[in-house]
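Take a look at the structure below.
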Amino acid sequence: MNKHFLTITAAALLFTAGCQSKTQKAAGDNSADSTTMTVATETAAPAGTPVNIDKIKVADAKTILARKQVPVLCYHQIRDWKATDSKSSKDYIIPIATFKEHMKMLADSGYHTILPDEYYAYLNNGTPLPSKPIMLSFDDTEYNQYAIAAPTLKKYGYKAVYFIMTVSLGRPNYMTKAQVKELSDAGNVIGSHTWDHHNVKKYQGKDWETQIDKPTKTLEEITGKKIEHFAYPFGLWNPEAFPELKKRGFKSAYILAEKRDQNDPLFTIRRIIASGYWSARTLSNSIKNSF
């Protein structure tokens, strides 16, 4: 792995640790808009049912913000802690047994996973979702997401979205192109997480081609599917990014736990990082308090 990639990965951990701790305590913007409407479940299709989002008309921001948010969890590394792991990095490194406890708790609690297309249809059209919907997302192309997370999810009939950073494809401890395709073929969604985790707020000129266009082409060649969902590196975004992402065919973009943009909530969909320090009970409480 090159020094540049190591630097941005370390920066991601340090920045998002502070961002996460502050925003999750405040539970994001859920108090303002999550009580006006419940998630419809009466005629929901089975979880993971394909949705043709190209035919969905985008609703106005007020309508989208009025719908109750679906919990979206964000995971990074899934491995046991090492003596060299810093205190802050352990927020992003979840021990294997803890991760499995998280998934068991979700299943035992009656949660059903949904995918980005389903969430998009719900936010715009009010399309019914399964009871107790939740989305699982994984960032950065880590190999253990394929080797440990995916089999664990399969045990419970769960699907997820994997936001892929293409610079890491095929590197030691990261997924290969074949493994990404396997996840896609199994019914999971592959989304974009840029080329090398460069901060979207700093993009200029050819950065959009390097960080967005080329990775999108790579992922579409791997999966044979359109890449329509995006996750901001570090959770950092600005409104100037929205038209750039839209004209490149993206339907939605995911941030972390901060407040959504009031004019374009589809491009600031909230997630919370499932901390490596959290027990299954703490995760359950965090889901309820944050969404």
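Within 19 Å of residue 283 (Cα to Cα), touching a helix residue (DSSP H, G or I) at 6+ places or on another chain (Cβ under 6 Å) and either among the acidic types (Asp, Glu) or modelled with pLDDT of 95 or more (or both): is that true of residue 89 in this structure?
Details: within 19 Å of residue 283 (Cα to Cα): yes; touching a helix residue (DSSP H, G or I) at 6+ places or on another chain (Cβ under 6 Å): yes; either among the acidic types (Asp, Glu) or modelled with pLDDT of 95 or more (or both): yes.
Answer is yes for this residue.
Looking only at region 164-201, count how many residues are touching a residue at least 40 places away in the same chain (Cβ under 8 Å), part of a helix (DSSP H, G or I), more than 22 Å from residue 236 (Cβ to Cβ) and among the small types (Gly, Ala, Ser).
Number of matching residues: 1.
Please determine, by comparing only the residues of region 266-291 that are of a type in the set (D, E, K, R) and in contact (Cβ under 8 Å) with a residue 24 or more places away in the chain, which one is surrounded by the fewest Cβ atoms within 10 Å (Cβ to Cβ). First the steps, then the outcome.
As a first pass, look at region 266-291 and keep what is of a type in the set (D, E, K, R): 270-271, 281, 288.
From what's left, in contact (Cβ under 8 Å) with a residue 24 or more places away in the chain: 270-271, 281.
Working: 270: 24, 271: 25, 281: 10.
Per the stated criteria, the residue is 281.
May I ask you to say which residue of 116, 95 is surrounded by fewer than 22 Cβ atoms within 10 Å (Cβ to Cβ) and either closer than 30 Å to residue 60 by Cα or in contact (Cβ under 8 Å) with a residue 24 or more places away in the chain (or both)?
Numbers: 116 fails: surrounded by fewer than 22 Cβ atoms within 10 Å (Cβ to Cβ).
Checking each option against the conditions leaves just 95.
Sort out which residues of region 107-130 are farther than 23 Å from residue 227 by Cα and assigned to a helix (DSSP H, G or I), and write them in order of number.
The answer is 107, 108.
What residue, of 90, 57, 62, 104, is assigned to a helix (DSSP H, G or I), surrounded by fewer than 16 Cβ atoms within 10 Å (Cβ to Cβ), among the charged types (D, E, K, R) and touching a residue at least 60 places away in the same chain (Cβ under 8 Å)? Break it down into steps so the answer makes sense when it comes.
Working: 90 fails: surrounded by fewer than 16 Cβ atoms within 10 Å (Cβ to Cβ); 57 fails: assigned to a helix (DSSP H, G or I); 62 fails: touching a residue at least 60 places away in the same chain (Cβ under 8 Å).
Every option except 104 fails the conditions.
The values are calculated or read from the model by the stated rules, or taken from the named source; none is laboratory data. Here the structure is a predicted model, which is why all the values come from computation and not from measurement. Positions of Cβ are generated from backbone atoms using ideal geometry, with glycine treated the same way; all protein chains shown enter the neighbour counts.
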